[in-house]
Each structure stands twice: as structure tokens, then as C-alpha cells.
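What follows is one structure encoded as C-alpha cells, with my remarks underneath.
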Amino acid sequence: TVGSVFASRWLIWRIGKFSALHPQIETRLVVTGRILDIHHGDVDCAIRYGRGEWPEVNLQMLGGSQYRPVLAPTLAAQIRTPAELAALPIIRDTTTMLSWDRWWRAAGFAETPQTHGPTFDDPALAFDAAISGQGALLAVDQMSADAVSDGRLARPFDIVVDEPRLGYWFVTARGRREPRKVTLFRQWLLEEMPDSVGGYVEQLARRGQA
């Protein structure tokens, strides 16, 4: 199981690599914001975003602890300072664990500024809203990297919040034997995620494919 942002902004564009490496393994993605029971049924593993506080599971951090605002390049060109960012629409994602309060403090604000903007309860739609120019979105660097690398999004500031325990975790059921296919998938994720931190355009350029 996997959330919609990880599935739509990162995994779906790369899962073909895993399938090419292991054609004998059939993958099935259950995309949901709910935490499903991986101790029973036919779900082998999960990729969850959080602080790793789920009981009775094995955890391995994949990444995603750093986040900052992103917005369409046309909007980014209109601002020079965080104060000017605060005047733009701020896209709110009701499901997020990312903290605008923390980012505003990192940007030098004593208090969180009053902002306005659209609200979404689907984080993937919030990403699309940012790409379409509806405002600024607080996003995990690894999830925005592809859109930044190909010019759909911009990062107007180098001010980054880093919460070491917050991130994407590979989760399996404690006490349940891990199938080899799950081990191979976990190993692939641990290699692919650090390699993709600069986005797919940068990945292809390093591999001489751009």
C-alpha cells in the first residue's frame, strides 16, 4: 500500500525499472491514505509517511525528511522574499504532516503570517494545483524533485525544514516472514530514492540518456 503523492509523484514513474530488473515479480499497488492492516490478508508491505510510530511493524527509513515551498515558475518569478511569498495564495493540504509554522520560523518570521488560498483533502490534487499556478505548496523535496527538474515547479528559496524522524518508511509486519520479492523491492527502493533526489531529468543526464 502507498499514499497518493508517493504513488503519483515518484513511484509510478520508476516502478517500470523494478519490473525490468525482476520480470518474474508482479506488482500490485493499493493507493490509499488509510493505514491498512499488513499483518493479515494479501498486502506484503507498505510505504507510509510519518514518524515511524506504528506498532508491531518493521521499519526502514527511505527518505523524505526535508521539505520547502514549491510553486509554478510564473509565480516564483514574481517574488524575491518570503514576505512576498506570504502574499500569494497558499495551498492547504488537510492531510499533510508538513508544517508551514516551522517553515515560516525557519524563514525568519516571529509569527506565522495570515495567508489565504485553496484547500484540498487529496495531496495529489494539491500538487496539481501548485503545478497549474494556483499557489504555493509545502512539499517534500523528493516528491517535488521531478517537477522541479523539468520546469513544472520552482523552489524560490533554499530555506529547508529538516525533520529527521519524519519521512517515508518501508513497513512490513513484525513476526511475518518476509518474501524474497519484498526484500528485492525494499533493496531497490533504498538504491533508487537517493539516486532520484535531483529529479528524473538530472538522473537521466547522469546516465547519459538526456
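With respect to the conditions (1) within 23 Å of Arg92 (Cβ to Cβ); (2) over 15 Å from the mean Cα position of the chain (by Cα); (3) free of Cβ contacts under 8 Å to residues at least 40 places away in the same chain, Arg177 lacks only one, and its number is (1). Taken together, the criteria place Leu75 among residues that are closer than 20 Å to Ala126 by Cα and of a type in the set (A, V, I, L, M). Answer yes or no as to whether Glu56 is touching a Lys or Arg at 6+ places or on another chain (Cβ under 7 Å), farther than 20 Å from Pro123 by Cβ, of a type outside the set (S, T, N, Q) and surrounded by fewer than 13 Cβ atoms within 10 Å (Cβ to Cβ). Considered against the rule, which asks whether it is touching a Lys or Arg at 6+ places or on another chain (Cβ under 7 Å), farther than 20 Å from Pro123 by Cβ, of a type outside the set (S, T, N, Q) and surrounded by fewer than 13 Cβ atoms within 10 Å (Cβ to Cβ), Glu56 comes out as yes. Among the residues of segment 99-131, those that are part of a loop (DSSP other than H, G, I, E, B), over 18 Å from the mean Cα position of the chain (by Cα) and not acidic (Asp, Glu) comprise Ala107, Gly108, Phe109, Ala110, Thr112, Pro113, Gln114, Thr115, His116, Gly117, Pro118. Of all residues in segment 3-25, exactly one satisfies the criterion of being polar (S, T, N, Q) and touching a strand residue (DSSP E or B) at 6+ places or on another chain (Cβ under 7 Å), namely Ser4. Counting the residues of segment 180-210 that are touching a helix residue (DSSP H, G or I) at 6+ places or on another chain (Cβ under 8 Å), without any contact (Cβ under 8 Å) to a residue 24 or more places away in the chain and among the small types (Gly, Ala, Ser) gives 1. Filtering segment 134-189 to residues that are among the aromatic types (Phe, Trp, Tyr), touching a Lys or Arg at 6+ places or on another chain (Cβ under 8 Å) and in the same structural domain as Val43 (by TED's automatic domain parsing) leaves Tyr168, Trp169, Phe170, Trp188.
Each row is one residue, and each column tells you yes or no for (1) buried (at least 17 other Cβ atoms within 10 Å of the Cβ); (2) under 25 Å from Thr32 (Cβ atoms).
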{"position": "Pro113", "(1), (2)": "no, no"}
{"position": "Leu137", "(1), (2)": "yes, yes"}
{"position": "Val148", "(1), (2)": "yes, no"}
{"position": "Gly151", "(1), (2)": "no, no"}
{"position": "Ile159", "(1), (2)": "no, no"}
{"position": "Leu166", "(1), (2)": "yes, yes"}
{"position": "Leu184", "(1), (2)": "no, yes"}
{"position": "Met193", "(1), (2)": "yes, yes"}
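If you go through segment 149-169 and keep only what is of a type in the set (A, V, I, L, M, F, W, C) and either assigned to a loop (DSSP other than H, G, I, E, B) or closer than 18 Å to Gly41 by Cβ (or both), you end up with Leu153, Phe157, Ile159, Val160, Leu166. Every listed requirement among (1) in the same structural domain as Phe120 (by TED's automatic domain parsing); (2) of a type in the set (D, E, K, R); (3) buried (at least 18 other Cβ atoms within 10 Å of the Cβ) is met by Glu84 save one, (3).
The values are calculated or read from the model by the stated rules, or taken from the named source; none is laboratory data. Bear in mind that the values here come from a model prediction, so they are computed numbers and not experimental data. Glycine also receives a Cβ, built like all others from the backbone with ideal geometry; neighbour counts cover every protein chain displayed.
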